[in-house]
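Right, one structure below, let's go through it.
The values are calculated or read from the model by the stated rules, or taken from the named source; none is laboratory data. Treat the numbers as computed from the prediction; the structure is a model and nothing was measured. Methodologically, a virtual Cβ is constructed for each residue, glycine included, from the backbone with ideal geometry; neighbour enumeration extends over all protein chains shown. Protein only, heavy atoms only, side chains kept; ligands, DNA and RNA dropped before computing areas. Shrake-Rupley method; radii C 1.70, N 1.55, O 1.52, S 1.80 Å.
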Amino acid sequence: MANESLNFETSLAGMKKADWLAAVEQLCDEDGYFERLGKRHHAAFIEKSSTLLVSFETLQGIPALSPLAQPLGWEMMLGHDWSTLCITSNGDTWFRDTAVYGYFDRLIDDGFFDDFDTVIFYGAGPCGYAAAAYSVASPEAHVLAVQPQATLDPRITEWDDRFTDMRRTDFTSRYGYAPDMLDAAAAAYVVYDPREDLDAMHAALFTKSHTRKLRLRHMGNAIQTDLLEMDQLAPLLLAISVGALDDLTFARMMRARRDHPPYLRNVLAALDAEGRETLALALAHNVTSRMHAPRFTRRLATAVKSDDQDD
């Protein structure tokens, strides 16, 4: 039975998977649709305007990333009146499923993407792979991929030992090698930390004339979470939608890192690991002068204690 009180301000947090899917289906009914794609994937579409965000997300990640346990694309729908197509997976599947291939084939045949002036594909990690791979369905789309894998085909990426259980998965057929699927895109943006070796190696495979590498040194291996915590994911998407995302714009946005504790802790750890005591103490002084930061306070205390012992 439909819940008449359900709306986009309703928190879906804490719902069982079946109840969550039923709630999303009900919310999509008025201005879109909800469709099951095989056993592990779903498509939730809501039409609002001529700008479409196609986001790839996991059922496990959505409640972890959204206080209301709603798809990330819904923030752009509610805040900026964007249309949204959210493709979800149950677990990390890299969306390698014939049901998903068939769904995008139907969208192409129906001219679905032709109804929108601007189309942006977005995802992170395995979902970043999918955003790049399926963007070929909408020529001239824009793509934002955070820490994406290019492929898990061991003939190409045997050096990536994080996802060995996926090595038997087919990454060579439909919508397969993500960098090649970007050839029809108007522009693509790959966000990663160059100090994360495996992410950087995948990013290197995305080198194209129309692909911009957006490097976030010292950000670590959970950049999507960091962007959300810094309130910078929406500005990134908005800049892409109007063709305004360049290196300078990105650098200005990422000044938010100066007030982001996880980033500051990563920088301190790197300075200490490199034995750069003067810079580490300068950073600790700067941070403790601006915010409550116990780790940095302890770091200063350790330095003072060491100086006293030397004396």
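Things worth noting here:
- Of all the listed residues (A124, A130, A145), the sole one being in contact (Cβ under 8 Å) with a residue 60 or more places away in the chain, open to solvent by 10 Å² or more (accessible area, probe 1.4 Å) and either polar (S, T, N, Q) or under 27 Å from R167 (Cβ atoms) (or both) is A124.
- For beta carbons closer than 8 Å, sequence separation of 6+ or different chains, a first residue in region 10-30 that is open to solvent by 70 Å² or more (accessible area, probe 1.4 Å) and a second that is at pLDDT 95 or above and in a loop (DSSP other than H, G, I, E, B), the qualifying pairs are G14/A69; M15/A69; K17/L59; K17/N90.
- Of the criteria (1) at pLDDT below 95; (2) open to solvent by less than 20 Å² (accessible area, probe 1.4 Å), which one L216 fails: (1)
- In the set L68, L107, only one residue is aliphatic (A, V, I, L, M) and either surrounded by 20 or more Cβ atoms within 10 Å (Cβ to Cβ) or touching a helix residue (DSSP H, G or I) at 6+ places or on another chain (Cβ under 8 Å) (or both); that residue is L107.
- Selected residue (criterion: modelled with the lowest pLDDT) from residues of region 293-311 that are under 34 Å from the mean Cα position of the chain (by Cα) and over 23 Å from A222 (Cα atoms): R299
- Lone qualifier among T118, T88 - being surrounded by 20 or more Cβ atoms within 10 Å (Cβ to Cβ) and among the hydroxyl-bearing types (S, T, Y): T88
- Residue among S5, S50 that is surrounded by fewer than 20 Cβ atoms within 10 Å (Cβ to Cβ), of a type in the set (S, T, Y) and in contact with a Phe, Trp or Tyr (Cβ under 6 Å, 6 or more places away or on another chain): S50
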